[in-house]
Structure formats: structure tokens, C-alpha cells
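What follows is a set of notes on a single structure, which appears directly below.
The values are calculated or read from the model by the stated rules, or taken from the named source; none is laboratory data. This structure is a prediction, so every number in the text was calculated from the model and none was measured. Cβ atoms come from the backbone with ideal geometry, glycine included; neighbour counts cover every protein chain shown. Areas reflect the complete protein model, heavy atoms only, side chains present, ligands, DNA and RNA absent. Shrake-Rupley method; radii C 1.70, N 1.55, O 1.52, S 1.80 Å.
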Amino acid sequence: MKVLVLGAGVVGTTSAWYLARAGHEVVVVDRQPVPGNETSFANGGQISVSHAEPWANPYVLPQVIRWLGKEDAPLLWRWRADSAQLAWGLRFLRECLPGRTRHNIAAIVALALYSRGCLQALRRELALEYDQRERGILHIYTKPRSFAQAVEAARTMRQFGLDRESVSAERCVEIEPALAGVRRLLAGGDYTPSDESGDANKFTRALAERAAGLGVDFRLDSTVDRIVADGSAITGVMVSGLGGGKLLTADAYVVALGSYSPLLLRPLGLRLPLIPVKGYSATVPVQGDSGAPTVSLTDDEHRLVFSRLGDRLRIAGTAEFSGYNLEMNAVRCAALMRRTRQLFPDLKAVGEPEFWCGLRPATPSNVPIIGCTRYPKLWLNTGHGTLGWTMACGSAAALADLMSGRPAAPDFPFARC
Ligand SMILES: Cc1cc2nc3c(=O)[nH]c(=O)nc-3n(C[C@H](O)[C@H](O)[C@H](O)COP(=O)(O)OP(=O)(O)OC[C@H]3O[C@@H](n4cnc5c(N)ncnc54)[C@H](O)[C@@H]3O)c2cc1C
């Protein structure tokens, strides 16, 4: 079958790969000149099944209230007259109930574990290089109360099959000696040895090259203006770009447009619970033993992650609810670097940090939307929120199975038609 994949981020590109491997003829459309150029460009780099606890959890509301109106807060909700953001906020509140959180953790762990396995198999098969590290992920806590909550979250994740172990402050420093300077501040941590890190953008570009080698046709610099339907039948996609406007047709269509997915689906009457949530990253050039961590770290209290990508340290995270706004906020960039210097006072950078921001395609539960729609030819692979890199390969492999008429492996609530 001929499949048109809309979007060449990490999710669209992996979808294209697995669909081509399943024997389909695949065309990918993206408005950027290269794959992976929007939210998949400079994220935190973590393949973190251990990050399966969604933002919507029973402990988050007091924090959000404390952070309201603070420009440098890890999570910043800007009040806007935006009905989609308000409706999303109400659904987010529902997902904070303990039963919902547990249900969401189960779905995310199942998909993320499967996905990490798919990524490892793909890496072995294709010998892909993307500054990957297989040294686990260490979450650190400075407040005894957040450590106690993390012990609870780790227990839940172990029940779902993840090797996330709670560890003492001493053990944190053994795992990552660059934390020695802040040993006194640490209440404890938890360590997931099987988690990984790597550059999502390098991976996406490398996989796109291999996919092109398999015959996938990438139509870049091409904007999807409209998905065209006649009743319940999708009849094509209007695309404008270098070659002018044209209608592209296929036997099936996959929407993998990240944060922009709802905008193209709304005219078809499909309303996704998905809004853009802005995050920031700083990429700092480092060399050798520079006081920078080499094990990927998560600082949950500040909503930040740290990943060593070759001779760069990537610091990423924080969340800002401000619509489709990609302006860089200097206060938030400064907060990223301030926390980095607090945790790694001996860090020696060999150049200036490069700042970036991107829009996470966030659902209230952080569970992505994967599967079919009421339009028989239209499929979704979107809404991966904070974990799009972690879940990309598994989401794409599962989608390719479903589209090929096979059951998908992970125990996950796929969207039904
Ligand atoms: C600061 C930050 C840190 C993060 N850290 C991590 C992490 O450590 N680990 C992790 O797993 N995840 C992380 N994430 C999340 C992850 O980056 C995203 O979930 C993931 O990149 C989403 O991929 P995507 O392919 O769905 O979206 P995108 O990468 O945005 O891809 C969508 C594509 O659609 C194209 N597009 C959109 N509209 C149109 C149109 N009309 N016509 C044509 N093309 C269009 C865009 O050009 C883009 O290429 C982080 C995100 C942020 C912002």
C-alpha cells in the first residue's frame, strides 16, 4: 500500500522506516529543509523509561500553584483566552487523580520499554551513531519529601517491569562523580541502569538517510495546507512548497505533525486533546574531564535533564504553557544555566551555551495518540509530549503493525476507529 506520512520529526521518520520495512511504499512530507528540525532538534536526549510518571500526578498541583506568575518557574502556566488550553487544563486536573496516574504510568512504561528495545535492535541492525550512551539514567532529589515521592513512583514502575532502584546520596555520587561538589545537598536518587541517552536529531537524520536508501521518498520544504475529505473518505493532502501547490494521494495517511497535528485535524471534526508546551535547552561545549556529568541525569524538582552528547552537555526541560509561541525567554534560559552551575560548580565549558526552545506535543496524560480514526484511511502517531524520543521507535513499530493488519506488541491503549 502507498502511505503518506505527514511530518519528518523523530516520530514521522521512525514511522516511515518501520512502514517501509513492512513492505509499504512510503512518501514523507515536511515543511522543513531537513528531517528532525522542529521539536526533535535539541531535546534532552534521554531514552528514559524511568521518566514515565506524567506531569499530571497527585503531587503536582501545590507546586504549580507555588510557581504561578514566576517567570523562571520550572512549570509556567500563562493565562490566555484560549479555549483549547483551558479544556486541556481541566483534563489535566482529572489525570492528577491517583487511579488515572497509575493507569497512565502503566501505559507509558509498556510503550517506552517496548520502544527502547526497538531502538536497541535498530541500532544493532543499522550500526547507527548518534552520540549514544548506555550508562543508565540517575534521578536526583535535594528535598526529602520529593525523594519520598520518588521512592513511591519507583515502586510503581518496578511493578510494571522497570529496573528503577532508589539509592542513597553516596550512591548517587558513586554513579556520577561530577555530583561530588553537591553531595551535601542531595537527599537521594533513583537509578535505572537500562535507560540510555543520545542525540535525537542525529538519530532522526541518520535514520532518514537509511529510509531513503530503502526507497522512502522525502518531500521536504513542503507544507501540508489541508487534509482533504469527501464525507468519511480522505481523498488527498494539499501540499504547497518548492514545486507549487498539489494534491498528494495515497492508500493511507499518517499524521505525525507533532504540536501542529490538531490544527490540520480540526477541520475534519477530529479534536485531539493536545496543546504545545514550550521547553528550553542549552547545549554547552565541553571537553574530556570537564566537571560535566557523563551519566544522564534528571533533576525532577527543577524539571531539568542533563545528557552528555559527545563533546557537548545538553541541559533541557522546563514547561511553559503559552500557545504556539517560539520566542526565547532570556529569564528562562538564565534559570537553566544557574541550576547547571549550582549542581556542577566545577564545570569547565570551552564555549558559550547555545539556547533553543521547542514545542512538546502534550496530551493531559502524556500518553500519546497512536492508531486509527473514524476516517478509514487516516492514522495518528502524535502527542508524545515529554517522551517523544523515548517512545518514537516503539510507537512507529506498533503503528506499522496495526496498519499492516497485525496486532501490535505492547499492552497500550491504541486509538480505535
Ligand atoms: C526541551 C525539551 C526537552 C525534551 N527532552 C526529551 C528527552 O530527553 N527525551 C524524550 O524522549 N523526549 C524529550 N522531549 C520530547 C520530544 O522532543 C518530542 O516529544 C518529540 O520531538 C516530538 O516528535 P514529533 O516527531 O512528534 O514532533 P516534531 O519533531 O515537531 O515533528 C513534527 C514535524 O512536522 C512538521 N510539520 C508541522 N506542521 C507541518 C505542516 N503544516 N506541513 C508540513 N510539515 C509540518 C515539522 O516541520 C516537524 O518536522 C523534549 C522536548 C523538549 C521541548
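General remarks:
- Residue list for segment 295-310, filter: open to solvent by 10 Å² or more (accessible area, probe 1.4 Å), within 16 Å of Ala178 (Cα to Cα) and more than 10 Å from the ligand (Cβ to nearest atom): Arg308
- Arg135 vs. criteria within 16 Å of the ligand (Cβ to nearest atom), charged (D, E, K, R) and open to solvent by less than 70 Å² (accessible area, probe 1.4 Å): no
- Scan of segment 36-86 for residues that are of a type in the set (Val, Ile, Thr) and within 16 Å of the ligand (Cβ to nearest atom), ordered by number: Thr39, Ile47, Val49
- Only one entry in Glu152, Glu174 is in a helix (DSSP H, G or I), modelled with pLDDT under 95 and open to solvent by 60 Å² or more (accessible area, probe 1.4 Å), namely Glu152.
- Just one of the listed residues (Asp225, Asp217, Asp221) is in contact with a Ser or Thr (Cβ under 9 Å, 6 or more places away or on another chain), of a type outside the set (Phe, Trp, Tyr) and surrounded by fewer than 17 Cβ atoms within 10 Å (Cβ to Cβ), and it is Asp225.
- Residues that are loosely packed, with under 14 Cβ neighbours inside 10 Å and at negative phi, drawn from segment 232-245: Ser232, Ala233, Thr235, Leu242, Gly243, Gly245
- When residues in segment 177-201 are screened for being in contact (Cβ under 8 Å) with a residue 12 or more places away in the chain and not in a loop (DSSP other than H, G, I, E, B), 15 of them pass.
- Verdict on Arg66 being surrounded by 18 or more Cβ atoms within 10 Å (Cβ to Cβ), of a type in the set (Lys, Arg) and either at pLDDT 95 or above or not in a strand (DSSP E or B) (or both): no
- In the condition set (1) within 13 Å of the ligand (Cβ to nearest atom); (2) within 30 Å of Met337 (Cα to Cα), Pro262 is compliant with all but (2).
- Residue in segment 1-13 that is nearest to Asn381 (Cα to Cα), counting only those that are of a type in the set (A, V, I, L, M, F, W, C) and more than 8 Å from the ligand (Cβ to nearest atom): Val5
- Taken over segment 235-259, the criterion of being aliphatic (A, V, I, L, M) and within 14 Å of the ligand (Cβ to nearest atom) is satisfied by Val237, Met238, Val239, Leu242, Leu248, Val254, Val255, Ala256, Leu257.
- Considering (1) over 30 Å from Val109 (Cβ atoms); (2) in contact with a Leu (Cβ under 9 Å, 6 or more places away or on another chain), the lone condition that Ala206 does not fulfil carries the number (1).
- Hits in segment 266-294 - residues which are more than 26 Å from Glu196 (Cβ to Cβ) and either buried (at least 23 other Cβ atoms within 10 Å of the Cβ) or touching a residue at least 40 places away in the same chain (Cβ under 8 Å) (or both): Pro267, Leu268, Leu270, Leu272, Pro273, Leu274, Ile275, Pro276
- Residue in segment 14-22 that is near the ligand (Cβ under 6 Å from one of its atoms) and either part of a loop (DSSP other than H, G, I, E, B) or touching a Cys at 6+ places or on another chain (Cβ under 9 Å) (or both) present: no
- For segment 193-214, the candidate set comprises residues that are closer than 19 Å to Phe41 by Cα and hydrophobic (A, V, I, L, M, F, W, C); within that set, the residue that is surrounded by the fewest Cβ atoms within 10 Å (Cβ to Cβ) is Ala206.
- Set side by side, the residues Arg80, Arg21, Arg31 differ, and just one is open to solvent by 40 Å² or more (accessible area, probe 1.4 Å), under 22 Å from Tyr130 (Cβ atoms), over 14 Å from the mean Cα position of the chain (by Cα) and of a type in the set (D, E, K, R), which is Arg21.
- Qualifying residue in segment 156-171 (condition: open to solvent by 40 Å² or more (accessible area, probe 1.4 Å), at pLDDT below 95, part of a helix (DSSP H, G or I) and not small (Gly, Ala, Ser)): yes
- Listed by position, the strands (runs of 3 or more DSSP E) contained in segment 311-417 that have at least 3 residues being in contact with a His (Cβ under 8 Å, 6 or more places away or on another chain) and within 15 Å of the ligand (Cβ to nearest atom) form an empty set.
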